[in-house]
1. Just to be sure I understand the model, the point goes 7 Å from the Cα along the line to the Cβ. What's the resulting Asn213 to Glu258 distance in nm?
2. Label the range 1-86 by shape, choosing from rounded, prolate and oblate, from the square roots a ≥ b ≥ c of the eigenvalues of the Cα gyration tensor; if a/c is under 1.5 it is rounded, and otherwise prolate applies when a/b is larger than b/c, oblate when it is not.
3. Counting only residues 5 or more places away or on other chains, whose amide H sits under 5 Å from the amide H of Ile263 once H atoms are built in the peptide plane?
4. Rounded, prolate or oblate: which one fits the range 141-278, using the alpha carbon gyration tensor with axes a ≥ b ≥ c (rounded when a/c is under 1.5, else prolate when a/b beats b/c, else oblate)?
5. May I ask for the angle, rounded to the nearest 10°, between helix 286-295 and the longest principal axis of the chain, with both axes built from Cα atoms and the value confined to 0 to 90°?
6. Please work out the Kirkwood hydrodynamic radius for the range 7-57, using every pair of different C-alpha atoms, and report it in angstroms with one decimal place.
7. Considering only protein heavy atoms, what per residue accessible area in square angstrom results for the chain with a 1.4 angstrom probe?
8. So, in nm, how far is label Ala272 from label Ile151 when the simple model puts each one 7 Å beyond its Cα toward the Cβ?
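The values are calculated or read from the model by the stated rules, or taken from the named source; none is laboratory data. No experiment lies behind these values; they were computed from the predicted model shown. All Cβ positions, glycine included, derive from the backbone under ideal geometry; neighbour counts span all protein chains shown. Only protein heavy atoms, including side chains, enter the accessible area calculation; ligands, DNA and RNA are left aside. Shrake-Rupley method; radii C 1.70, N 1.55, O 1.52, S 1.80 Å.
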Amino acid sequence: MIVHHSQFPHAVQRQLLDGLRLGQVPPKFLYDSDRQTQKWLAVHRAHSPSRTDAGVQSIYDRAFDESLGQAADEAVCLVGLGCGGGQKDTRYLAKLKSIHTIVDYVPCDVSQAMTRVAREAAAEELPLEQIHPLVCDLANASDLGQVLDTIVSPETKRVFTFFGMIPNLEPDVILPRLAELLLEGDQLLLSANLAPGDDYRGGVEVVLPQYDNAETRAWLLSFLVGLGVSATEGRLRFGIEQTFELLRIVADFEFSEEVELSIGGESFEFAAGRMLRLFFSYRHTEQTLAKRLAKHSFTIAASQIDSSAEEGVFRVERV
Ligand SMILES: C[S@@+](CC[C@H](N)C(=O)[O-])C[C@H]1O[C@@H](n2cnc3c(N)ncnc32)[C@H](O)[C@@H]1O
């Protein structure tokens, strides 16, 4: 396993402390321990349409099949950016194996535990020596392309997956990174949670219960408990927020009493009524996504949208 310097302990600790001071925890901390990983996997099992809805599973399979026609090289490397438990990537690997003689897999995630789970899943399809876990904060790894060159030959074509990541990262930070990463002949498949229907806000309201539920609350609160905050010292509030033209689902912890914490030698005071942003998830329509991608010189080459219009998988190209 390779750990990129963006996930070295000192850098990670600094980010956490800065985030707490600003009242906004970077999303990566919600996944960043064995405990958080297990809690998130429970949310995913119970609520991710890709696990609970066969229709959504099938859009991934269709996107994989469509992409196979695009590259016929002998060797290919699948790079799972924010791989999570690697279930989707593993289904893709099974298909890639059928047309390429050499297939490598780089499960890349901010969470070490997540890369281990993905490695285990992918081992059903590939020998372990062809699986190269990489622990990395994608928002802080401008040299990711060079790091990948040390793992697989720069001549090998790469297929990047970026599933479920668009909602959790600031688009204007991550899309330029992806643009730098993609070389001639590489492919990028990404998926986004969509707001169904013609009424954007109405569509986001429809999917709010996928977030405001027992498993998601347990996941978010376990992060706070890990910091030393008791779940009874405030309450979790879910809502919908507009940032420029995009809507996102947010979850804040509102302290109901004064709480003092000491973390990494620094002390923090949260007064009663203070909010701590724990979670956000941008919901797109196909149009808002296409517009945001275009801003960073990407175009949608192929799209698969599920019948409930709540999730889409897109093959994206540089313009
Ligand atoms: C919503 S999950 C998606 C997982 C998987 N791709 C899927 O679709 O099932 C988001 C994943 O991104 C990872 N992640 C969050 N922020 C990240 C960052 N800054 N850099 C790398 N990975 C990150 C999390 O650890 C988590 O595994």
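1. In this crude label model, Asn213 to Glu258 measures out at 4.0 nm.
2. Judged from the Cα gyration tensor, the range 1-86 comes out oblate (a/c at least 1.5, b/c at or above a/b).
3. Phe268
4. oblate
5. Helix 286-295 sits at roughly 80 degrees to that axis.
6. 12.8
7. Details: 13650 Å² over 319 residues.
About 43 Å² of surface per residue is accessible.
8. 5.0
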